[in-house]
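Undergrad: What follows is a single structure, and I will ask about it in a moment.
The values are calculated or read from the model by the stated rules, or taken from the named source; none is laboratory data. What you see is a predicted model; the values in this text were computed from it and never measured. Quick reminder, even Gly has a Cβ in these numbers, built from the backbone with ideal geometry, and neighbours come from all protein chains shown. Remember, those area values only see protein heavy atoms, side chains included, never the ligands or the DNA or RNA. Shrake-Rupley method; radii C 1.70, N 1.55, O 1.52, S 1.80 Å.
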Amino acid sequence: MDSHNQPESIINFWKENYTQNIAKAEAFKNTEQLIKIANIFSPGASYYYILNLKTLDLEYISPSVEQILGIPSEEVTMEKMLEKVQPGEFQKILKKEKVIQDFFFQFLPKNDILNYKIIFTYNRLDDAQKIKTMMVQTSIIALSEETLPKHIISIHTDISHLKAKSLDQVSFINLEGEKSYYNINIDKDYFCPQNSSDQKTDWIETITKREQEIIQHLAKGKSTKTIANLLHISAETVKTHRRNIALKSGASNTAELISLCINAGMIV
């Protein structure tokens, strides 16, 4: 089997680009506070962990991992988590990792590194060999003296119920409300702000509060009539909003719209 289709390809990428270039191995100092925050913001069926990129050890993994991956938290390693990824996804994940690395350490000014979170999706197999779509949200929470990511926190959420597909794209969301980069294609193996799947890369920022509400209901499978009743507006108004959303996003159907919005962090 091609080496790109193995969990080791991801581990080796981290080792070559982070682990061997970080001098000191130190534990993250504010774990308890971070766990409290993560428990508040972890959406749906999800688990999260803190990863030390010098040692590639999990300094914390939430107990909910067992409900999703079937592995007790005390037995989880990065290798075991990656074994759950659907075969054929590893090359895509590796390309995403290359784009992520290029964004943070070639494109972005060093003082902005901690201000962004990463969002992407991938497919995994459950114990019944059924495909599950997962959303990943990752933030760098500590840098080494070499200005490399020393610790990250990552939340993995099962979004299969939203009928969304895994996209070959990565989004970079600014946590301070500054410039974000949505749905960046991974075909070039490096970050290019113009390499977005969206016809207008800033369309997400033009979505109104009412349109966001409608998108959230669409993601839950609600019909136009039901959405109208829930929001106390007419069905014709909902249809008008849906047309406006379609024009802004360029999505040809609801499934494509939901996938784009999930990847951009609009739906959790």
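Undergrad: Hey, Gly265 hits all of (1) on the phi < 0 side of the Ramachandran plot; (2) within 20 Å of the chain's Cα centre (by Cα); (3) surrounded by 16 or more Cβ atoms within 10 Å (Cβ to Cβ); (4) small (Gly, Ala, Ser) but one; which does it fall short on?
TA: Of the numbered conditions (1) on the phi < 0 side of the Ramachandran plot; (2) within 20 Å of the chain's Cα centre (by Cα); (3) surrounded by 16 or more Cβ atoms within 10 Å (Cβ to Cβ); (4) small (Gly, Ala, Ser), the odd one out for Gly265 is (1).
Undergrad: Among the residues that make up the range 67-74, is at least one of them touching a helix residue (DSSP H, G or I) at 6+ places or on another chain (Cβ under 6 Å) and not β-branched (Val, Ile, Thr)?
TA: Within the range 67-74, one or more residues are touching a helix residue (DSSP H, G or I) at 6+ places or on another chain (Cβ under 6 Å) and not β-branched (Val, Ile, Thr).
Undergrad: Based on this model, can you work out whether Leu247 counts as under 24 Å from the mean Cα position of the chain (by Cα) and in a helix (DSSP H, G or I)?
TA: Values: under 24 Å from the mean Cα position of the chain (by Cα): no; in a helix (DSSP H, G or I): yes.
Judged against the criteria, Leu247 is not a match.
Undergrad: Within the range 211-227, how many residues turn out to be over 23 Å from Ile155 (Cα atoms) and buried (at least 20 other Cβ atoms within 10 Å of the Cβ)?
TA: Matching residues across the range 211-227 total 3.
Undergrad: Separate question: Exactly one of (1) in contact with a helix residue (DSSP H, G or I) (Cβ under 8 Å, 6 or more places away or on another chain); (2) within 28 Å of Ala142 (Cα to Cα); (3) free of Cβ contacts under 8 Å to residues at least 12 places away in the same chain is unmet by Gly177. Its number?
TA: Result: Gly177 fails condition (1) only.
Undergrad: Filter the range 113-125 for residues that are open to solvent by 20 Å² or more (accessible area, probe 1.4 Å) and in contact with a Ser or Thr (Cβ under 9 Å, 6 or more places away or on another chain) and give the result.
TA: Taking the range 113-125 first, the residues open to solvent by 20 Å² or more (accessible area, probe 1.4 Å) are 114-115, 117, 123, 125.
Matches in the range 113-125: Leu114, Lys117, Asn123.
Undergrad: Considering only residues that are among the hydrophobic types (A, V, I, L, M, F, W, C) and open to solvent by 50 Å² or more (accessible area, probe 1.4 Å), look in the range 228-250 and name the one that is farthest from Cys261 (Cα to Cα).
TA: Residues of the range 228-250 among the hydrophobic types (A, V, I, L, M, F, W, C): 228, 230-231, 233, 235, 238, 245-247.
Checking which are open to solvent by 50 Å² or more (accessible area, probe 1.4 Å) leaves us with 230, 247.
Numbers: Leu230: 21, Leu247: 14 Å.
Checked the range 228-250; the qualifying residue farthest from Cys261 (Cα to Cα) is Leu230.
Undergrad: State which residue is least open to solvent (accessible area, probe 1.4 Å) when the search covers only the range 64-76 and only residues that are over 20 Å from Thr133 (Cβ atoms) and touching a residue at least 12 places away in the same chain (Cβ under 8 Å).
TA: Only one residue fits best here, namely Val76.
Undergrad: Any residue in the range 202-221 that's among the hydroxyl-bearing types (Ser, Thr, Tyr): show its pairings with residues that are open to solvent by 20 Å² or more (accessible area, probe 1.4 Å) and in a helix (DSSP H, G or I) at Cβ separation under 9 Å, as long as the two are six or more apart or on different chains.
TA: Thr206/Lys248; Thr208/His241; Thr208/Asn244
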